[in-house]
Amino acid sequence: MSDTATAPKSAKSASKSSKGFDAPFEAFSFAVPNVEVPAAFREMADKAVAGSKDAYAKLKTAAEEASEVFEDSYETTRSGFVALGNKSLDNAKTHSDATYAFARAFMGVKSFAEAVELQAAFARQQFETLTAQTRDMQEFAQKFATDASRPVKQGVEKALKSFQPS
C-alpha cells in the first residue's frame, strides 16, 4: 500500500468547472428594457380583466345552477324509473294471478263448450286488462318524461336569460 495521495487538479481546470456551475444560465440573461405602458393600454387591460372576472363569476354561477338542475333531473328520473318498474311488476302480478285463477277454473270444467266459454272470457278479460294497463303506462311515461325534463328546460331558459345582453 502506498501513501501517495492523488495529485491535486490544476488550478486552471478547477476554475473552469466551478465557473460553469456558478452561472449555468448566463447565456440566457439579458436586460429587458423598461418601457412605460401608456395609461390607455392600462385602462383597457383593467377593463378586460374586470370583464373576464365578471364573465367567470357568471359562468361559475351558471355551472353551479346547471349542476343543481341535473341533480334534480337525475333524482326525478331515478324515482320515475323506480315507479315505472313497480308498475310493471304490478301489471305482471295481475296477469299471473289471472292466469292462475283461469288454470284453477279450467281444471273444474265439465264440458268442451264450458272450456271454450271460459277460454273466451279469459282472453276478453286479459285483453281489456292489458289495454287499460297500456293506457295507464303511456300516461305515466308521458308525465314522467315531462317531469324529468322540466328542471333541465327551466335551467336552460334561466341560463339563456342571464347571458342575454342588457
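The values are calculated or read from the model by the stated rules, or taken from the named source; none is laboratory data. Please read all numbers here as calculations on a predicted model, not as lab measurements. Reconstructed Cβ throughout: ideal geometry from the backbone, glycine too, with neighbour counts over all protein chains shown. The protein model used for the area step is the full one, side chains on, heavy atoms only, and it has no ligands, DNA or RNA in it. Shrake-Rupley method; radii C 1.70, N 1.55, O 1.52, S 1.80 Å.
On the basis of being exposed (fewer than 13 other Cβ atoms within 10 Å of the Cβ), modelled with pLDDT of 90 or more, of a type in the set (Ser, Thr, Tyr) and in a helix (DSSP H, G or I), does Ser88 make the cut? Judged against the criteria, Ser88 is a match.
Per this entry, Tyr100 is counted among residues that are closer than 30 Å to Phe122 by Cα and open to solvent by 50 Å² or more (accessible area, probe 1.4 Å).
Contact annotation: residue pairs with Cβ atoms under 9 Å, 6 or more positions apart or on different chains, pairing a residue in the range 79-107 that is closer than 18 Å to Ala132 by Cβ and small (Gly, Ala, Ser) with a partner that is at pLDDT 95 or above and open to solvent by 50 Å² or more (accessible area, probe 1.4 Å), are Ala98/Gln125. Looking at Ala141, Ala145, Ala115, Ala132, just one residue is closer than 30 Å to Arg78 by Cα and surrounded by 13 or more Cβ atoms within 10 Å (Cβ to Cβ), and that residue is Ala141. So how many residues does the range 52-93 have that are under 20 Å from Lys158 (Cα atoms) and among the β-branched types (Val, Ile, Thr)? Going through the range 52-93 one residue at a time, the tally reaches 3. Pairs linking a residue in the range 48-73 that is surrounded by 10 or more Cβ atoms within 10 Å (Cβ to Cβ) to a residue that is not in a helix (DSSP H, G or I), with Cβ atoms under 9 Å and 6 or more positions apart or on different chains, are Lys58/Phe163; Ala62/Phe163.
Just one of the listed residues (Gln119, Gln133, Gln126) is free of Cβ contacts under 8 Å to residues at least 24 places away in the same chain and not aromatic (Phe, Trp, Tyr), namely Gln119.
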